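First up is the structure itself, then whatever we jot down about it.
The values are calculated or read from the model by the stated rules, or taken from the named source; none is laboratory data. Fair warning: this is a prediction, and the values are worked out from it, not measured in the lab. Here Cβ is always computed from backbone atoms with ideal geometry, including for glycine, and neighbour counts include all displayed protein chains.
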Amino acid sequence: MSPATEDTECRPDSGTDTGIGTGIKIGHALRDARTLLRDISTTPQLDAEILLGHVLKATRSRLRTRLDEHLDADHGQRFSALLARRVRGEPIAHLTGEREFWSLPLHVTRDTLIPRPETEHLVEVALVHLTPDRDLRAADLGTGSGAIALALAKERPRCRILASDISQAALAVARDNARRLGLANVEFRHGHWCSTLSGEAFDLITSNPPYVRRGDARMKQDGLQFEPELALIAGESGLESLHTVITQAWRYLRVGGMLVVEHGFDQAQTVFDLFASCGYDDITAYKDLAGLPRGVFGRRSSPYTVRAAPR
Ligand code: GLN
């Protein structure tokens with residue numbers, strides 16, 4: 001119906017238009033959008049409400065009180081353009097530029113992994129070790145949009161958090177998130193894993209590194225192809241980054257300090273064994289809400305040098 005607009009949300013290559021939107025009632029636009037998204041999304045109604053709410057700057061509950069209002073041409077075209085991108089599989093968070101994590105509204109771009117709900121478990125586990133009554137020092141490696149670091153910083157104002165990433169573009173997003181959320185107890189550094197920690201000792205190190213195998217069929221699903229490969233893929237085995245983090249982190253933990261990592265659903269045993277072979281104690285695996293093994297933590301209780309983990 002209407003041509004693609006010059007809306008900034010509509011990238012030049014998004015070209016097509018779904019024909020949904022202009023001049024019809026909000027309720028009808030939502031219904032049509034739901035039908036359109038049925039085949040590509042498991043949550044078509046939610047997607048439609050989030051996208052139209054984004055265009056109209058209205059909450060989903062507010063939207064539901066306006067079902068009989070008509071969409072004007074501008075809003076209709078913008079909604080239509082976003083739907084066209086969603087139909088091609090682009091994740092909702094990229095279309096709105098935002099994803100909530102630990103109740104923090106975070107900006108996300110194509111340069112960052114979209115924070116996942118399962119990573120909130122890592123934050124829960126980390127907070128147990130980061131007691132609120134002391135000035136502890138924590139680091140988050142491969143911070144992406146800053147999700148883990150900012151959640152820890154928010155919950156533990158007395159702690160100073162160092163967050164690092166190899167991607168300057170991701171760090172720019174994370175810094176912007178910290179500034180917008182007014183969280184001043186996070187410092188950002190550019191670099192590869194533990195190289196950013198040099199000369200310091202930490203009470204807690206966290207990481208949600210890339211852990212997907214190169215060539216994994218899942219990369220073609222779930223909109224993963226729209227997210228940075230750097231944040232998702234870790235070599236042929238999917239374990240390369242986990243190996244690096246678990247092996248290196250030991251040296252930067254205080255005696256008594258804890259490392260917490262997230263991993264793929266089928267990597268629990270390997271990751272557990274890696275912790276053990278490096279000399280960590282109190283090694284514990286945790287599950288996500290779906291009941292899948294999702295992470296491991298372990299403590300450095302020895303002052304002695306780490307044993308190198310076998311490759
Ligand atoms: N949890 C993400 C997924 O499986 C992967 C994130 C990661 O590699 N750290 O979709």
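If only one of A285, A249, A217, A234 is among the aliphatic types (A, V, I, L, M), without any contact (Cβ under 8 Å) to a residue 24 or more places away in the chain and more than 19 Å from E120 (Cβ to Cβ), which one is it?
Sole residue among the options that is among the aliphatic types (A, V, I, L, M), without any contact (Cβ under 8 Å) to a residue 24 or more places away in the chain and more than 19 Å from E120 (Cβ to Cβ): A217.
Return yes when L183 is over 26 Å from G235 (Cβ atoms) and in a loop (DSSP other than H, G, I, E, B) and no when it is not.
Criteria met by L183.
In segment 186-209, which residues are within 16 Å of the ligand (Cβ to nearest atom) and part of a helix (DSSP H, G or I)?
Within segment 186-209, just W193 meets the criteria.
Which of the following residues is in a loop (DSSP other than H, G, I, E, B), within 16 Å of the ligand (Cβ to nearest atom) and of a type outside the set (D, E): R110, R99, R134?
Result of the check over R110, R99, R134: R110.
Just the residues that are surrounded by 14 or more Cβ atoms within 10 Å (Cβ to Cβ) and near the ligand (Cβ under 8 Å from one of its atoms), please, taken from segment 210-226.
P210, Y211, V212, L224
Which numbered condition in (1) surrounded by fewer than 20 Cβ atoms within 10 Å (Cβ to Cβ); (2) under 20 Å from the mean Cα position of the chain (by Cα); (3) of a type in the set (A, V, I, L, M) is the only one that V255 fails?
(2)
Of the residues L52, L95, L36, only one is farther than 30 Å from G144 by Cα and at pLDDT 95 or above; which?
None of the others qualify; the one that does is L36.
Would you pick out the residues in segment 113-131 that are more than 25 Å from K57 (Cα to Cα) and either part of a loop (DSSP other than H, G, I, E, B) or acidic (D, E) (or both)?
E118, E120, E124, L130, T131
I need every pair where a residue in segment 101-127 that is assigned by TED's automatic domain parsing to the domain that holds V261 has its Cβ under 7 Å from the Cβ of a residue that is away from the ligand (no atom under 14 Å from the Cβ) and hydroxyl-bearing (S, T, Y), sequence separation at least 6 or different chains.
H121/Y286; V125/Y286
What's the total number of residues in segment 61-96 that are surrounded by fewer than 19 Cβ atoms within 10 Å (Cβ to Cβ), away from the ligand (no atom under 16 Å from the Cβ) and assigned to a loop (DSSP other than H, G, I, E, B)?
7
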